[in-house]
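Inspection log for the structure reproduced underneath, given as structure tokens.
Coordinate-derived values only; no laboratory data. Since this is a predicted model, take the numbers as computed values, not measurements. Backbone-built Cβ (ideal geometry, glycine too); neighbour counts: all protein chains shown.
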Amino acid sequence: MVRVPAYVRSLVRIAAVCTVASVVLASCATTKAVKVITRVTGLPAISISVPLSIVACTTNNSCVTLGTSNLDVSPTSVGEYRTANGRWTAITVPSADASTYVQAASCWNNGCLFVGSQSNGDLVWRYDATSQSFSTEVGPTGASGIEVVSCYASMTCAVLDHAKSGPRFLTTDDGGATWSAPVSFGVPPQDTVTSLSCPSTLDCIASFLNVANGIEVYVTSDGGATWNPRTGFSTVTWSAFTSLNCIGKKCLGLANLHTGWRIERTDNFGRSWKKVASLPSSILDLACTSLERCVVGGMTSSLASTPWLATVISGTVKTAKLTYVPSPIADVACGSKVCAAIGVTTVMTLRP
């Protein structure tokens, strides 16, 4: 999945670690619900020495989660995957050091790319769901890290990394083994990439947080060769925009306004947006099995840091009742039917 930016994710981890320090795998109070539905029970992570930070699900519904530590104490990375019978099992993850940061993930039918940054630049790890194994790939050169990734066919993905000149767009069609020549966006180097979704080889949509703390949206219809800004609408009033999920020209995303977080939808590839639903929560992540069936997770507020998880079905938000989830929801991901959510020491599965 394309995930929340690093500065947002770090806030979740800080709040989560503080919460875990005071609550040891206990049942948490539920949030004020829009409408309470099914109970979601958290399962303790196999290793609690390293906090989980990211989860991804293939379109064939194989889910995998991992976490890395910047402490010079073994283990420095942990991971587990969900088997066909619903059990979570440990998996070997590439080792990490103090510079390793896994920022985002995206999947195809039987694999995923996990991307981020490391001491020598871009980081790329590939997950093979058939063998339940990770491999370390050679990332693009000349940048300081990959911010977002979007996969749209088997082994075929697009990324945005950050070079001194600003964001760059690159693609791979062999699971990260080789990369296309980078294409510069032309946005100022100070702008921060917040999300990317590529529903096809030719079409992609990306969002950036500019120096004025407003959101700008760009699209391409020629495989990233040229990018055009979407203007004439109110995304400049958004202070954050993440979790783009697109099918064809229709997309969902999470926007933060002065009134709070909400789900926004476009049916014309970013030319205009409309509100789907307001969300009674803070620091969120969104994932979908379709544009009509999604899950969203985070915490009730940046101060309370109580975990919050909900389904969004045809625009209706239904809060789940959580049991044994002691920390905020750090990430969510969906395959074609199954979705997964994680806290720093907890894994969960649900169907929206």
| request: Could you tell me, in Å, what Rg and Dmax come out for the Cα atoms of the stretch 6-350? | output: 18.5, 52
| query | What order do you get for THR231, THR346 when you list them from fewest to most C-beta neighbours inside 10 Å? | reply | THR231, THR346
| request: Work out the P(r) tail for the stretch 182-332: percent of alpha carbon pairs separated by more than 22 Å, whole number. | output: 40 percent
| message | Over the chain, what is the relative contact order in percent, taking alpha-carbon pairs closer than 8 angstrom and at least six residues apart? | response | 20 percent
| Using +1 on the beta carbon of Lys and Arg, -1 on that of Asp and Glu, and nothing else charged, what's the dipole of the stretch 110-207 about the Cα centre, debye to 20? | 140 debye
| request: Work out the length of the dipole vector of the stretch 6-350 about its Cα centre, built from +1 on the beta-carbon of each Lys and Arg and -1 on the beta-carbon of each Asp and Glu, and round it to the nearest 20 debye. | output: 1360 debye
| request: Work out how much length SER290 to THR92 would gain on full extension: take 0.36 nm times their residue separation and subtract the Cα-Cα distance, in nm to one decimal. | output: 68.2 nm
| Approximate spin-label separation HIS258-ASN85, in nm, with each point projected 7 Å along Cα-to-Cβ | 5.6 nm
| remark: Kirkwood Rh over alpha-carbon pairs of the stretch 37-123 plugged into Stokes-Einstein at 37 °C, 0.692 mPa s gives a D in µm²/s of 237 µm²/s
| query | Where in the stretch 330-350 does the amide nitrogen come within less than 17 Å of the point 7 Å from the Cα of ALA304, taken along Cα to Cβ? | reply | 330
| request: Going by C-beta contacts inside 10 Å, put VAL93, VAL217, VAL211, VAL347 in order with the fewest on the left. | output: VAL211, VAL347, VAL93, VAL217
| TRP125, TRP227 arranged by Cβ crowding within 10 Å, fewest neighbours leading | TRP227, TRP125
